[in-house]
Amino acid sequence: MGKPSSPAAPDYAGAAAAQGDANLTASQYEAGVNRPDEYGPTGSRTWSIRNGADPKNPKPGDYVLNTELSPEQQGLYQSETDISQNFLDTAQAGLGRVSSALEQPFDLSGMQPVGTVGAGGVPVTQGPQTPNLSTQIDTSGLAALPTDAAGTRQAVTQAIIDRARPEMERNAQAARTRSIVTGGDAGSEGYKNVEQQIGRNENDMILGAINQGDTAAAREIASQLALRGQGYGERATEAGFGNEALSQMFGQGLEKGGFENSAAGQEFAQLLQGTGFDNQARQQQIQDLLLQRQLPINEINALRTGSQVSMPQFQAYGGVNTQAAPVMDAALAQGNYDLGQYQSEMGGYNGLLGSAATAAAVFF
């Protein structure tokens, strides 16, 4: 077995040139595939090559896209173009009126003045002043409140005792005399009983006198209280009449103020209504002035706008991507294969040489 020869190197330059030619051919094919002619009821869209371009070797910009309207749409387009031109000519003639309107300043001096109710408005009637009502009863000049009728009690009690004492003393003396006459001396038991009865009679007389003195004192206190109560009641009645009169006057003042404020409110409402009418008239005048200013501009804008002819509508075309033949990759793959084959053969050759060397060493 002879030593294998190394493989020849691939023609990379030739493969690259061939790859370039393949890429150019693929791009030309793809350009042709992705430029279909389209036809519809409103027109057509077609591709062509500009004059002087090489159809077999087109350059960027050599392809021309042509859009044409159908005869009916072309007629409408021409008619609308003529109408639009007439509109623009008319609008051009009206620019003088627009310029004249814009030259005039937006003057509001001649408008209805803004209506106002007035800084002071309508005067409002305040309520009447709260009256100073009597809250206390004047007790000056009235009889003083009684505290104790001790003098009357003492005087009445003493007068009764003084009146009854002579008779009591006579009765006591007669009782003592009867006791002695009947045999009871001054130290006897019967005489002592008479003396005790005389003492009891005197005590009863004094107690009765005190009771009558208390009764007289109570009558005096009641009389004084009645006299003061009558005076106090008259003063209270007088104060009540005064407060009632003041309250009536206050109520009449409130009612009068309410009537006046109601009239003022009605007057204010009328002023507001009149002010609203004035301001409404002013707004109308401003709207009229704006209309006069904007009308020429709106007319020209209306003349400048118009319906347009619908241009042909075509669906978006999905392009086709064409890949060139992988010439360069094929050359690289062939070179790698040849190199691998060479390396495999060299491995077998080296292995054979190694076996022969081993056999020779054993033989000798």
Out of the residues in segment 103-126 that are over 37 Å from the mean Cα position of the chain (by Cα), farther than 18 Å from Thr275 by Cβ and part of a loop (DSSP other than H, G, I, E, B), state the one that is modelled with the lowest pLDDT. Phe106
Could you please find all residues in segment 162-203 being small (Gly, Ala, Ser) and in a helix (DSSP H, G or I)? Ala164, Ala172, Ala174, Ala175, Ser179, Gly190, Gly199
Leu254 vs (1) in contact with an Asp or Glu (Cβ under 9 Å, 6 or more places away or on another chain); (2) touching a residue at least 12 places away in the same chain (Cβ under 8 Å): all pass except (1)
Conditions (1) in contact with a Ser or Thr (Cβ under 7 Å, 6 or more places away or on another chain); (2) not in a strand (DSSP E or B) -> Asn51 fails only (1)
For segment 182-223, which positions are in contact with a Lys or Arg (Cβ under 7 Å, 6 or more places away or on another chain) and either modelled with pLDDT of 85 or more or at positive phi (or both)? Asp214
Among the residues of segment 51-63, is there at least one that is closer than 30 Å to Leu291 by Cα and without any contact (Cβ under 8 Å) to a residue 24 or more places away in the chain? no
Go over the candidates Ala53, Ala22 one by one and state the one that is of a type outside the set (Lys, Arg), at pLDDT 75 or above and touching a helix residue (DSSP H, G or I) at 6+ places or on another chain (Cβ under 6 Å). Ala22
At pLDDT 80 or above and closer than 30 Å to Gln129 by Cα, is that true of Gly257? no
Looking at (1) modelled with pLDDT of 70 or more; (2) part of a loop (DSSP other than H, G, I, E, B), which is the one condition that is false for Gln343? (2)
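The values are calculated or read from the model by the stated rules, or taken from the named source; none is laboratory data. Bear in mind the structure is a predicted one, so any value in this text is a computation, not a measurement. Don't worry about glycine lacking a Cβ; one is built from the backbone with ideal geometry, like all the others, and counts go over all protein chains shown.
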